[in-house]
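To start, the structure itself, in C-alpha cells.
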Amino acid sequence: MKPAPFEYSRPESLNEALSLLAGDEVRPIAGGQSLVPLLALRLVTPKRLVDLSRLIELRGIKVESDGIRIGALTRWCEILSDARLGEHHPLLREAVRHTAHYQIRNRGTVGGSCCHADPAAEMPAIAVTCAAEFEVMSLRGRRIIAAREFFRSVFTTALEPDELLISIRLPTWRPERRYGFQELARRQGDFALAGCALYWDEAGGCCRDPHVGVFGVAETAIRVPQIEAALEDRKITDEIIRSVARTIRDVTAPPTDLHATSAYRSAVLAVLLERALRASLHDPSHHD
Amino acid sequence: MDDTTRTLAFIVNGRPVELSVDPARRLSEVLREDLGLTGTKIGCHAGDCGACTILVAGRQVCACLMAAGQAANQEVVTVEGLAEDGQLNALQRAFLRHGAAQCGICTPGMLMAATDLLRRNPSPTEAEAQAAIGGVLCRCTGYRQIVAAIRDATSAPVDQPADAQAVGSRIVRLDGPDKVAGKAKYGADLWPTDALSLRIVRSPYARARFVLGDLPAFRARYPAIVAILTAQDIPDNRFSIVPDLKDQPALAVEQVRFRGEAVLCLVGEHDALAAIPEADVPITWFPHQPLTEPEQALTATGDLIHEFAPENVLCRGRVVRGDAAAALRASAHVAQAEGRTQYIEHAYIEPEAGYAEVFSDANGERLRIFACTQTPYMDREEIARMLKLPDDRVHIVPSAMGGGFGGKLDIAIQPLIAVAAWKLKRPVRHTYSRSESMISTTKRHPARIRARIGCDAHGLLTAIDFAADFNTGAYASFGSTVANRVPVHASGPYAVPAVRALTRAVFTNNAVAGAFRGFGVPQSVVITETLIDELAEAAGIDRLEFRYRNALRAGQVTATGQRLTASAGLAECLQRLRPAWTQALADRRQFNGDPGRATSPLRRGVGIACMWYGIGVTVFANPSTMVGALRRNGRLFLYNGAQEIGQGTATIMPQIFADAVGLPLALVDQVMGDTDLTADAGKSSASRQTFISGNAAKFAGEALRRELLKLIGASQRARLALQGTVLLADEGARELRLDLAQLPADEHGDVARGEGYFNPPTVPLDANGQGVPYASYAFGAQIAELEVDRELGTVRLIRIHAAHDVGRAINPTLVEGQIYGGIAQGIGFALMEEYVSGRTDNLHDYLIPTSGDVPPISIHLIEDGDPLGPYGAKGVGEPSLIPTAPAILNAIYDAVGIRLTSIPATPARIRAALARSPV
C-alpha cells in the first residue's frame, strides 16, 4: 500500500520548519525509519510532511562544558564513528551498538527514535538513565524537558504537535564513572525484550550517584530509585548485586507480548541487571 | 517551499536523473517503477528484510524506508551500478564463485550491504562480514557462502572448470550472472505498461458467513474501480494441488474458513484502489466460532468445516508392520514422548507476484501468465480448468523465482489475475504485500506427535508406535501428502522390525497448511530422534554408535516392506562424523568441567540426529520429460521444464544433459519452464528434480547422442565435438564431419532432437502401508554443538556438522548450498519461528535466522551412488533441513538436561523448563 497523499515540504531553516509545524496535522520526518512504514500502512495520515533533512544545525554531536549535546538529526552511524565518545560517553556508544542494523543506523536519527518513543529502544533508555535534557522549540518559544517527563507512554512523548526536538543533552561523563549495558533481543539488531543501562561514580571503592535504567519492561524506559538507593554509597559486592537483582523483580511489572511473557521478562531483567553491575566493576579502560 | 510533485534531481549509478515524482513515495518504488531499476527488490516494505538495500551517499540504506524526496541531490547506487566497464565486479564474481546466490532475490541487497562494508574495510573478518549483512535476510543460503564471498572479493575471474566432464564439477550456476547483475526478472519485475492492479478484500474472521452488499453502488461511488470480481466471475471456482479434491475457492462463496481468505477482488489502478477505505466495501459479516485446534475439530460433533470431511478429517495415513505393541512389551528399554510443533511460514523473500495478459496467436485468443511458481505445468492445468479453457490456451511463463520451499506450489495470485485479465481483456498485475503473502498462502503443518520406541538390551531397535495429528488448516492443499508421507518415514533411517504409524490430517479454521520442505517429516523427527537419544542413554550406548548399529543398510527391509538394494549411506555418514563427534564431546566436557566456570551460566552441549527421505512423490506417478536438441547454429539447446527455484536445476540439468550427449556444457543454451516450449518435468518439489528430471535430461542427452551418431554415421564409441557449426565424430581411426548449417531445421533451428522420460518405479501401498513408496532414499546425519545460557535460556550455536548421502553430487557447490540453507531453516524451526495469524504476519515479528544466527557448518558429502539415479544422484533439498532441529534439541538436553517437546525452543521455554528441572 502507498501512503495517503499529503503535502511535502523541505524547509531550509529552523524557523521555516517551525512555521510549517504550526499548521494542522503536520508531521516532521527525519530519517524516516519508523515513520515511512507507518505512513505506508496509513497508520499515520498527516496532511503535511515536513522533511527536516536540510536543517544542518540539528546535526552532530558537540562536547560542551555541561555534557554532550546531540543534535536531533544525528544518525546512529555518526555516534558509532565518533571517537570522542570513548571518553565523553562510552555508555551511549555501547548502547547504540545494539541498535538495529547498518541500514537503519545509516538513516535513523537520535531525535526520530526518541520522538517515536518505543519503550524497548536503546536511545530513550540512555536518555532516561542519564537524566538527559530535551531541548524543544516551536514558534511559541524554546523549552527544556527532562527525559523522565519527555517519555510519557508507549509511542507517546510530551512534545506538542507544533514542537520540534532540537537536541538532547547528556550531562558530563565523569572520568571516574563506571557503567554497564545489557540487553536481550531474540536476534542481533531486534528490539530488546528487556535491557538495563547503568552507571555510577567510584569514590573510595564505593558507588556514588548510581543511575540505573531499565527498558522494554514498562511503558517507557524508567530509572529504578529503589535500586539506586540500595547502591548509593555502598561497595558493590556479590551480595549486593544478588540483593538488587531480587529487588528489581519486585519493583517492575513488565508487559506480556508476542515475544515474551511478563514472568520471563522479569527474570531476564534481574539477570541483565546483575550482569550490567558486574560489567561496571571492570576497569573502564577495558570496556571499550 | 512546497515540494509536492516536484522535480526530484539525484544521481543514480553515476548518472544525473531528473524526474517528476511525489516526494513522499518510497525511493524503492521510484527506482523500480519510474526508473525501471528492478534490480532493487522489495520483500517487506518495512525495513525488515533488507532486499531493497542500496547505497545513498556511499552508505547502505533500505530504499523502502526512504521517501524519494529525501534522495534529492544525493548519490544513489543500485545493483545495476556495480558492474565496471560492463563487466561483473570483484564482489559479484566472488558471489558466483562461492555459490552465494541461490534464488537470488536477496542478492542485490546483499551485494549493496557488502559493497558498503568493503569500501570501508577491504579485508573484513567473518564477524564484520556477518554484521554488515545483518539487516539483509536470506532464506536460501544460510549466509555461509555469502560471508565467504564477501571475504574473497578478489580480482579472481569466474572460470568454469575446464573438465571434459560437467557432472561432479563445481560449475558456477548458469543463472548466476543475471542474478548478481540484478538482471534476473522476478514476478514483480516485468509488467505490461497498461496493466491494471488488484486489491483483494480478505476476511478479518477465521470463520464467518458473509453477504455481499450493493456492489454496483459501491462501484459507482468509486470510479477508480474498473471491475469487481466475485466468486461468480470464476467459471470453476475450486482449486487444489491434489487432483481429486479441489476444495479451495479463489474467492470465497458465502462463507470463509480462515482469516485472510479472499472474498472479493477490486480491479483498477493500484494507488486509487488503495485509497478506498476498507470500511466502505459492502460486506456484512456473520462471524462463527472457529475451530482452531485439531483436538477441537476432531471432537466437534456435527460441526464440519467441509461437508465432505466427517470428523473434520481430511485424510488418514497408516503403516503397520509386525506387532509393535507386543514388541514394545518385550523390549528391554522403551522411551516415549508427546510433543508439538508450530505453524511455520516459508518466508521466501519474494512475495507472490506476476501478471496475466490476453494475446492471440495461431491458436486463437490465449492467456499468458508470467509469475513466480514451482510448478508451471500444474499452474497451466489449474488455470485452464478454472477458466474452463483447453490447456493449450494457457501459456505459463515462469519468472525467476525468489524462493519457494513448497510455498509456491499452490497457486496464489494466478487465478485472480487470470480471471481479471480474461474478463477485461486487459493485462493485470499483482504483487502480494508481505502480510498478504503471509496470511493467505500455505504453511508448514503444526503437528501433535506421540511416539513410543523400544530397543533390546544390545541397543537394537525393536519397535515404534507412532501417532501424529497434522493441523491442515482450512483447505486440503498438501495435507494428504503429509499424512501419507510421514508414516512411511516414522521409523527413521533405522531397521525397526515392528512399526505402527498412524496419522491424520485435520481441518481447522487456520491458515492452509501445505507443502514445506520435508512434508511433515521434519516435524516427526523432532520427537522420534529425541527418543532415540533416550534409548541410547538407557542402553548405555554412545548416541552416535547407537544410531550406527541401527542404521538401515542395503539389503535391509523398511517399514513398508521395501528391501533397499543400494545407496543406503547412513552408516557411512555416521562414520564420517565420528571424529567430529568425539572431538565435540571432548570440547564440551572440558568446557563444562572447567573449575573456573563452576558458577558460569554457560553450559555446552552436543547433539546428533539422523534422517532418511524418499525422493519424489509418495507412490503416485511423477514423471518428467526433457527434450534436448542440437541446433543449426552449432549450439545445444535444452528445453528445461524442471523449474529453477534457487536449488540449481538451471545448472544441474544442462550439466547432466551435456555429459550424456558427450559435448561441452559451454555449448548448452536453454529455456526454463515455459509451457509452450518445454515438456512437463513436474513440480520442483519432494527433492525430485535431480533424481527424476535429471534422469530425463540424461535420457534426452543419450537419445540426442544416438540421433547425432546416426546423422553423422558414427559408432557408439565416437567422441563428439563441435567446431562452429561443424559436428565432428572422432572414432580414433577416422574423423567424421557434418556441417549442421546444411541440414534442415525446425522452427527453433533444431536439426536433431532427443527426448527423455523417467518415472520412478514404485508399488502402491496396501491397507497396511506395505509396498514400495519411493524408488530412492536420501540419508543424512547432523551434529549440533551449542551453548546454553542457563540464566537467560538463550542458545548460541557453535557449529553444525552435516553428512549427507546424496548418491552423487552433480555439482558439489550447489549441493552444499542446499545443505547450508536447509540447516538455516532447521535452526529457525528449532529455535525461533512461529507463525500466528494476525500477530506474526510480518518479518519483524516472524523471526527467521539472520546472518548472525547461522554458525560455521562443516559439510561431508557421501556419494553412495544410486543405480537408478542420473550418474548415481539422489536429492538433497529437503533432507538437509530434517535432522537439524532434533540435533539442536538433543544438544540442549546434553548441555542442561532438559527435554523440550514443544518447539520453537525459545529462551522463555528453555528458562521455564530449567526452572522446573530438578538440577
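The values are calculated or read from the model by the stated rules, or taken from the named source; none is laboratory data. In this text the structure is predicted, and so the values were computed from the model without any measurement. Every residue, glycine among them, receives a Cβ derived from its backbone with ideal geometry; neighbour counts consider all protein chains shown.
For residues in the stretch B:666-685 being of a type in the set (A, V, I, L, M) and touching a Ser or Thr at 6+ places or on another chain (Cβ under 8 Å), which is farthest from residue B:172 (Cα to Cα)?
Out of the qualifying residues, it is B:679.
Applying the condition of being charged (D, E, K, R) and part of a strand (DSSP E or B) to the stretch A:87-139 and asking which residue is nearest to the chain's Cα centre (by Cα) yields A:133.
Name every residue in the stretch B:864-894 that is in a helix (DSSP H, G or I) and under 30 Å from residue B:661 (Cα atoms), in order of residue number. If the condition is that a residue be in a helix (DSSP H, G or I) and under 30 Å from residue B:661 (Cα atoms), then B:870, B:871, B:872 are the ones that fit. Residue B:810 - would you say it is among the β-branched types (Val, Ile, Thr), within 30 Å of residue B:665 (Cβ to Cβ), away from every other protein chain (no Cβ under 13 Å) and touching a Pro at 6+ places or on another chain (Cβ under 9 Å)? Yes. In the set B:260, B:339, only one residue is in a strand (DSSP E or B) and either surrounded by 21 or more Cβ atoms within 10 Å (Cβ to Cβ) or of a type in the set (Gly, Ala, Ser) (or both); that residue is B:339. Within the stretch B:14-36, is even one residue more than 9 Å from every other protein chain (Cβ to nearest Cβ), touching a residue at least 40 places away in the same chain (Cβ under 8 Å), part of a loop (DSSP other than H, G, I, E, B) and closer than 30 Å to residue B:347 by Cβ? No, every residue in the stretch B:14-36 fails to be more than 9 Å from every other protein chain (Cβ to nearest Cβ), touching a residue at least 40 places away in the same chain (Cβ under 8 Å), part of a loop (DSSP other than H, G, I, E, B) and closer than 30 Å to residue B:347 by Cβ.
Name the residues in the stretch B:57-67 that are in contact with a helix residue (DSSP H, G or I) (Cβ under 8 Å, 6 or more places away or on another chain) and more than 7 Å from chain A (Cβ to nearest Cβ), would you? Those that are in contact with a helix residue (DSSP H, G or I) (Cβ under 8 Å, 6 or more places away or on another chain) and more than 7 Å from chain A (Cβ to nearest Cβ): B:58, B:63, B:64.
Quick one: in the stretch A:140-177, which of the residues that are among the hydrophobic types (A, V, I, L, M, F, W, C) and in a loop (DSSP other than H, G, I, E, B) is nearest to residue A:221 (Cα to Cα)?
A:154
Table: residues versus (1) charged (D, E, K, R); (2) at pLDDT 95 or above; (3) outside the structural domain of residue B:784 (by TED's automatic domain parsing).
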| position | (1), (2), (3) |
| --- | --- |
| B:861 | no, yes, no |
| B:867 | no, yes, no |
| B:871 | no, yes, no |
| B:881 | no, yes, no |
| B:886 | no, yes, no |
| B:896 | no, yes, no |
| B:901 | no, no, no |
| B:906 | no, yes, no |
| B:911 | yes, yes, no |
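Quick check on my filter: what residues within the stretch B:267-290 are outside any helix (DSSP H, G or I), within 13 Å of another protein chain (Cβ to nearest Cβ) and buried (at least 18 other Cβ atoms within 10 Å of the Cβ)?
Answer for the stretch B:267-290, where residues must be outside any helix (DSSP H, G or I), within 13 Å of another protein chain (Cβ to nearest Cβ) and buried (at least 18 other Cβ atoms within 10 Å of the Cβ): just B:276.
Only one entry in A:180, A:189 is over 22 Å from residue A:88 (Cα atoms) and either under 19 Å from the mean Cα position of the chain (by Cα) or not assigned by TED's automatic domain parsing to the domain that holds residue A:88 (or both), namely A:189.
In the set (1) over 18 Å from residue B:431 (Cα atoms); (2) crowded, with 17+ Cβ neighbours inside 10 Å; (3) at pLDDT 95 or above, residue B:202 fails one condition alone, (1).
Would you call residue B:847 among the hydrophobic types (A, V, I, L, M, F, W, C), within 14 Å of another protein chain (Cβ to nearest Cβ), closer than 28 Å to residue B:113 by Cα and outside any helix (DSSP H, G or I)?
yes
Can you name the residue in the stretch B:755-810 that is assigned to a loop (DSSP other than H, G, I, E, B) and touching an Asp or Glu at 6+ places or on another chain (Cβ under 7 Å) and, of all such residues, is nearest to residue B:584 (Cα to Cα)? In this case the residue turns out to be B:806. Pairing residues of the stretch B:751-776 that are surrounded by 22 or more Cβ atoms within 10 Å (Cβ to Cβ) with residues that are of a type in the set (Phe, Trp, Tyr), at Cβ distances under 6 Å and at least 6 apart in sequence or on separate chains, gives B:756/B:699; B:776/B:691. So if I check each of B:908, B:885, which one is over 30 Å from residue B:623 (Cα atoms), among the small types (Gly, Ala, Ser), more than 14 Å from chain A (Cβ to nearest Cβ) and in contact with a helix residue (DSSP H, G or I) (Cβ under 6 Å, 6 or more places away or on another chain)? So the residue among B:908, B:885 that is over 30 Å from residue B:623 (Cα atoms), among the small types (Gly, Ala, Ser), more than 14 Å from chain A (Cβ to nearest Cβ) and in contact with a helix residue (DSSP H, G or I) (Cβ under 6 Å, 6 or more places away or on another chain) is B:885.
Checked against the criterion of being without any contact (Cβ under 8 Å) to a residue 60 or more places away in the chain and within 14 Å of another protein chain (Cβ to nearest Cβ), the stretch A:173-186 has no qualifying residue.
Out of the residues in the stretch A:58-86 that are under 25 Å from residue A:189 (Cβ atoms) and small (Gly, Ala, Ser), state the one that is farthest from the chain's Cα centre (by Cα). Taking the candidates together, the pick is A:83.
Can residue A:83 be described as surrounded by fewer than 18 Cβ atoms within 10 Å (Cβ to Cβ), free of Cβ contacts under 8 Å to residues at least 60 places away in the same chain, of a type in the set (A, V, I, L, M, F, W, C) and more than 12 Å from chain B (Cβ to nearest Cβ)? Judged against the criteria, residue A:83 is a match.
Among the residues here, residue A:154 does not qualify as assigned by TED's automatic domain parsing to the domain that holds residue A:117, more than 22 Å from residue A:248 (Cα to Cα), in contact (Cβ under 8 Å) with a residue 24 or more places away in the chain and under 19 Å from the mean Cα position of the chain (by Cα). Restricting attention to the stretch A:258-288, the residues that are among the charged types (D, E, K, R) and modelled with pLDDT of 95 or more add up to 4.
Within the stretch B:219-237, the residues that satisfy the criterion of being surrounded by fewer than 20 Cβ atoms within 10 Å (Cβ to Cβ), out of contact with any strand residue (DSSP E or B) (no Cβ under 7 Å at 6 or more places or on another chain) and closer than 25 Å to residue B:440 by Cα are B:231, B:232, B:233, B:235, B:236, B:237. In a residue-by-residue description of the stretch B:68-87, the property of being at the interface with chain A (Cβ under 10 Å from one of its Cβ atoms), farther than 30 Å from residue A:7 by Cβ and among the acidic types (Asp, Glu) applies to no position.
Take residue B:821 and decide whether it is assigned to a helix (DSSP H, G or I) and under 28 Å from residue B:576 (Cβ atoms). Against the criterion (assigned to a helix (DSSP H, G or I) and under 28 Å from residue B:576 (Cβ atoms)), residue B:821 qualifies. Pick from B:42, B:54, B:11: which is assigned to a strand (DSSP E or B) and either facing another protein chain (nearest Cβ under 7 Å) or buried (at least 21 other Cβ atoms within 10 Å of the Cβ) (or both)? Residue meeting the stated conditions: B:54. Count of the stretch B:432-450 residues, restricted to those that are in a strand (DSSP E or B) and buried (at least 22 other Cβ atoms within 10 Å of the Cβ), is 4.
Looking only at the stretch B:145-166, decide whether some residue is over 27 Å from residue B:280 (Cβ atoms), touching a Cys at 6+ places or on another chain (Cβ under 9 Å), buried (at least 24 other Cβ atoms within 10 Å of the Cβ) and not acidic (Asp, Glu).
Yes: the stretch B:145-166 contains one or more residues that are over 27 Å from residue B:280 (Cβ atoms), touching a Cys at 6+ places or on another chain (Cβ under 9 Å), buried (at least 24 other Cβ atoms within 10 Å of the Cβ) and not acidic (Asp, Glu).
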